[in-house]
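Asker: Structure below; questions to follow.
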Amino acid sequence: MTERVRVAAAAVVLLLGCSGDGASGRRSGESAAASREPRSAAMPHEDCVTGTNIETRDVDGDGRVDIRTEMADGRPRCRETDANFDGRVDIYRWFDSSNGQVTRVEEDYDFDGRIDVVANFEAGVLARDVMDTNFDGLTDTWRTYRGGRVIELRRDADGDGRVDTWERFDDTGRVTYSATDANRDGSPDQDDAGAAPAGDSGTPVTTVTTQVSADGGAPGSTGAQKGARR
């Protein structure tokens, strides 16, 4: 083998080695990004009214308690509400006992006895929630809020337990980014990423509402509507 051939062969090996390292780096980066995404799990639930200082209310006058509120220092700490009067709790609501503001809400929207949305509040304003939109008992949608409006959404649309849909919104509710994971590697596909088409009016995202009228009218109480279902 001539000197020129040996040099050329060495160059090819070097190039192939660099190419392989780059691909490996990309795969490692994709794997790391995917590992940071939420995974489907059983819908979370926290025990609510567990103490002894409990106030009760029969809203519809049928002789059964519809609202149970645990009090602390004269303010509600946690409240359980049977919104459809079937004898089962549909709404769990936690309060900051120092100011009466809501800190957490769990709601059962289809009245099957299982929680469908868990919303967390900061300073009384909805900050994030997790949902079960197909009512199988598992988390499949994760949303982040700013000023009570959705700014980022992640969803497991195909039910495999991994996020495969990403959306971001501006403060008016307009979609600014939308991506899917068609190749099922756990990360947004670059081909699908980008701003919404011109003229896209965005997805309705306002989810903060006043509480169910049966829920005693506690100061500062707000809930989260389910939002669009699949």
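Asker: Do we find that Val65 is outside any strand (DSSP E or B) and out of contact with any Lys or Arg (no Cβ under 6 Å at 6 or more places or on another chain) in this structure?
Answerer: Details: outside any strand (DSSP E or B): yes; out of contact with any Lys or Arg (no Cβ under 6 Å at 6 or more places or on another chain): yes.
Answer is yes for this residue.
Asker: Hey, among the residues in the range 180-192 that are touching a Lys or Arg at 6+ places or on another chain (Cβ under 9 Å) and surrounded by 14 or more Cβ atoms within 10 Å (Cβ to Cβ), which one's nearest to Leu138 (Cα to Cα)?
Answerer: If we take residues in the range 180-192 being touching a Lys or Arg at 6+ places or on another chain (Cβ under 9 Å) and surrounded by 14 or more Cβ atoms within 10 Å (Cβ to Cβ), then Gly186 is nearest to Leu138 (Cα to Cα).
Asker: Mind checking which residues of the range 154-167 are free of Cβ contacts under 8 Å to residues at least 40 places away in the same chain and buried (at least 17 other Cβ atoms within 10 Å of the Cβ)?
Answerer: Answer for the range 154-167, where residues must be free of Cβ contacts under 8 Å to residues at least 40 places away in the same chain and buried (at least 17 other Cβ atoms within 10 Å of the Cβ): Arg155, Asp164, Thr165, Trp166, Glu167.
Asker: I need a count of the residues in the range 125-180 that are part of a strand (DSSP E or B) and either hydrophobic (A, V, I, L, M, F, W, C) or in contact with a helix residue (DSSP H, G or I) (Cβ under 8 Å, 6 or more places away or on another chain) (or both). Walk me through it before giving the result.
Answerer: To start, the set of residues in the range 125-180 that are part of a strand (DSSP E or B) comprises 125-131, 138, 141-146, 149-155, 162, 165-169, 175-180.
The next check asks that each one be either hydrophobic (A, V, I, L, M, F, W, C) or in contact with a helix residue (DSSP H, G or I) (Cβ under 8 Å, 6 or more places away or on another chain) (or both); those that pass are 125-127, 130-131, 138, 142, 150-151, 153, 162, 166, 169, 175, 179.
Count: 15.
Asker: I'd like to check which strands (runs of 3 or more DSSP E) are fully inside the range 78-124 and have at least 2 residues that are aromatic (Phe, Trp, Tyr) and assigned by TED's automatic domain parsing to the domain that holds Thr50.
Answerer: Numbers: elements: 91-95, 102-107, 117-122.
Output list reads 91-95.
Asker: Six or more apart or on different chains, Cβ under 6 Å: which pairs go from a residue in the range 45-67 that's within 23 Å of Arg114 (Cα to Cα) and in contact (Cβ under 8 Å) with a residue 60 or more places away in the chain to one that's basic (Lys, Arg) and surrounded by 13 or more Cβ atoms within 10 Å (Cβ to Cβ)? Could you list them?
Answerer: Filtered contacts from the range 45-67: Ile67/Arg57.
The values are calculated or read from the model by the stated rules, or taken from the named source; none is laboratory data. This structure is a prediction, so every number in the text was calculated from the model and none was measured. Neighbour counts run over all protein chains shown; Cβ positions are idealised from the backbone, glycine included.
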